[in-house]
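Have a look at the structure below before the remarks.
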Amino acid sequence: QVLLVESGGDLVQAGGSLRLSCAASGTNFIINAMGWYRQAPGKQRELVATITSGGSTNYADSVKGRFTISRDNAKNTVYLQMNSLKPEDTGVYYCNAGGFQRPSYYSFNAWGQGTQVTVSS
């Protein structure tokens, strides 16, 4: 079983910055892609950014140029640096990781519990 734990959510003023972290723990697993999703009140969960084990990234159009996703493969940790935050960035941010477990090679898709980001205007 892979467990994801996020941290870094907070209340910040518009224009400010936050850095989210998500650490994966467990035994005998390999992570391929990791990513961040968010869910605003009354809305569906949406993709924010993803990163592969090789470092290829993908961003939602709404965060391009403001957010940067990165990862430390040795620590099984993914980060989301969020700059120039806007009130519409408010929501619960969820970490996601996909990969497989050894020795079975069964795939997994794990989610964290979420961390609240609130941007005040």
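The values are calculated or read from the model by the stated rules, or taken from the named source; none is laboratory data. Remember, predicted model here, so these are calculated numbers, not experimental data. Glycine also receives a Cβ, built like all others from the backbone with ideal geometry; neighbour counts cover every protein chain displayed. Just the protein is used for accessible areas: all its heavy atoms, side chains included, with ligands, DNA and RNA removed. Shrake-Rupley method; radii C 1.70, N 1.55, O 1.52, S 1.80 Å.
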(message) Restricting to the stretch 51-85, name every residue that is free of Cβ contacts under 8 Å to residues at least 40 places away in the same chain, open to solvent by less than 40 Å² (accessible area, probe 1.4 Å) and in a strand (DSSP E or B).
(response) ILE51, PHE67, ILE69
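Within the stretch 1-16, can you find the residues that are of a type in the set (A, V, I, L, M, F, W, C) and open to solvent by less than 40 Å² (accessible area, probe 1.4 Å)? If you could, list the steps in order and put the result at the bottom.
First, pick out the residues of the stretch 1-16 that are of a type in the set (A, V, I, L, M, F, W, C): 2-5, 11-12, 14.
Of everything in the stretch 1-16, those that are of a type in the set (A, V, I, L, M, F, W, C) and open to solvent by less than 40 Å² (accessible area, probe 1.4 Å) turn out to be VAL2, LEU4, VAL12.
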(request) Report, ordered by the first and then the second residue, all pairs with beta carbons closer than 7 Å, sequence separation of six or more or different chains, a first member in the stretch 31-44 that is within 7 Å of GLY91 (Cβ to Cβ), and a second member that is surrounded by fewer than 14 Cβ atoms within 10 Å (Cβ to Cβ). (result) ARG38/GLU46
(request) Could you check ALA49 against (1) modelled with pLDDT under 95; (2) within 14 Å of the chain's Cα centre (by Cα) and say which number it fails? (result) (1)
(request) Quick one: which residue in ASN96, ASN73 is under 19 Å from LEU4 (Cβ atoms), of a type outside the set (A, V, I, L, M, F, W, C) and out of contact with any strand residue (DSSP E or B) (no Cβ under 7 Å at 6 or more places or on another chain)? (result) ASN73
(message) Looking at the stretch 17-28, can you tell me whether even one residue there is within 14 Å of TYR79 (Cβ to Cβ), surrounded by fewer than 16 Cβ atoms within 10 Å (Cβ to Cβ) and touching a Cys at 6+ places or on another chain (Cβ under 9 Å)?
(response) no
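Do we find a residue being at negative phi, of a type in the set (D, E, K, R), touching a helix residue (DSSP H, G or I) at 6+ places or on another chain (Cβ under 9 Å) and in a loop (DSSP other than H, G, I, E, B) anywhere in the stretch 101-121?
Kept after step one, since they are at negative phi, are these residues of the stretch 101-121: 101-104, 106-113, 115-121.
Checking the rest, the ones that are also of a type in the set (D, E, K, R) come to 102.
Within this subset, residues satisfying the condition of being touching a helix residue (DSSP H, G or I) at 6+ places or on another chain (Cβ under 9 Å) are none.
No: zero hits.
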(message) Of all residues being touching a residue at least 60 places away in the same chain (Cβ under 8 Å) and open to solvent by less than 30 Å² (accessible area, probe 1.4 Å) in the stretch 86-107, which is farthest from the chain's Cα centre (by Cα)? Just the residue, please.
(response) GLY99
(request) Please specify each residue of the stretch 29-50 satisfying the condition of being part of a strand (DSSP E or B) and either open to solvent by less than 20 Å² (accessible area, probe 1.4 Å) or in contact with a helix residue (DSSP H, G or I) (Cβ under 9 Å, 6 or more places away or on another chain) (or both). (result) ILE31, MET34, GLY35, TRP36, ARG38, VAL48, ALA49
